[in-house]
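Worksheet for the structure shown next.
The values are calculated or read from the model by the stated rules, or taken from the named source; none is laboratory data. All values derive from a computational prediction rather than experimental measurement. Cβ coordinates were reconstructed from backbone atoms using ideal geometry, including for glycine residues, and neighbour counts include every protein chain displayed.
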Amino acid sequence: METVNRRSTLALGLTMAATPLMTWATPVAAQTYGPDEGKELAPGVREIALGERASNIKAYAMVKLRDVVIQPGAKTPDNMMENDMLCHMTEGELSVVQNEKKFTVKKGEVWTCAKADTTEGTQNTSSAVAIMRVIDLMPA
């Protein structure tokens, strides 16, 4: 049997201390979807429903969560927003035209739309798939 000395104890301690740090540093991959998942909204644009629940905010009866997956070159038509919503780019980037104002949203950025006050259309002008996560705030 080998003897345990200060060096072996220190080496074991450093190894054990570093293990959680190595685990935390591992990058997390974004949700991916198959080519036929969800509902097609337009060519190259699919909507995947993620969940819904009654709201505790008095102005809203329900909240819904969905991802809109937009292939490179695809676009969504200009639409008048039917409810308030929050949008978040989880992957890629989109060129957005909102009430005739054009801007680009990149991974990690957020923006909002107001019911009956916002017209919006998007286009994926990049070479990567874009995923827009939408939180729909459904009126009471």
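So is Thr104 surrounded by fewer than 19 Cβ atoms within 10 Å (Cβ to Cβ) and within 17 Å of Tyr33 (Cα to Cα) or not? Considered against the rule, which asks whether it is surrounded by fewer than 19 Cβ atoms within 10 Å (Cβ to Cβ) and within 17 Å of Tyr33 (Cα to Cα), Thr104 comes out as no.
So which of Asp117, Asp78, Asp136 ends up being surrounded by 18 or more Cβ atoms within 10 Å (Cβ to Cβ), out of contact with any His (no Cβ under 9 Å at 6 or more places or on another chain) and among the charged types (D, E, K, R)? Write out each step before concluding.
Values: Asp117 fails: surrounded by 18 or more Cβ atoms within 10 Å (Cβ to Cβ); Asp78 fails: surrounded by 18 or more Cβ atoms within 10 Å (Cβ to Cβ).
When all the criteria are applied, what remains is Asp136.
Just so you know, in segment 85-95 the residues that are among the aliphatic types (A, V, I, L, M) and buried (at least 20 other Cβ atoms within 10 Å of the Cβ) include one that is nearest to Glu52 (Cα to Cα), and it is Met85.
Filtering segment 28-79 to residues that are within 17 Å of Glu93 (Cα to Cα) and aliphatic (A, V, I, L, M) leaves Ala29, Ala30, Val45, Val68, Val69, Ile70, Ala74. Just one residue in the set Pro77, Pro72 is modelled with pLDDT of 95 or more, part of a loop (DSSP other than H, G, I, E, B) and under 18 Å from Glu47 (Cα atoms); that residue is Pro72. Against the test of being modelled with pLDDT of 95 or more, farther than 21 Å from Tyr33 by Cα, part of a strand (DSSP E or B) and not charged (D, E, K, R), the options Met89, Met132, Met138 yield a single qualifying residue, Met138. Of all the numbered requirements in (1) loosely packed, with under 12 Cβ neighbours inside 10 Å; (2) on the phi > 0 side of the Ramachandran plot, Gly38 misses one, and that requirement is (1). Considering segment 76-109, and only residues there that are more than 13 Å from Gln123 (Cα to Cα) and acidic (Asp, Glu), the residue that is nearest to the chain's Cα centre (by Cα) turns out to be Glu91. Does Arg53 satisfy the criteria of being surrounded by 14 or more Cβ atoms within 10 Å (Cβ to Cβ) and assigned to a strand (DSSP E or B)? When the stated conditions are applied, Arg53 does not pass them.
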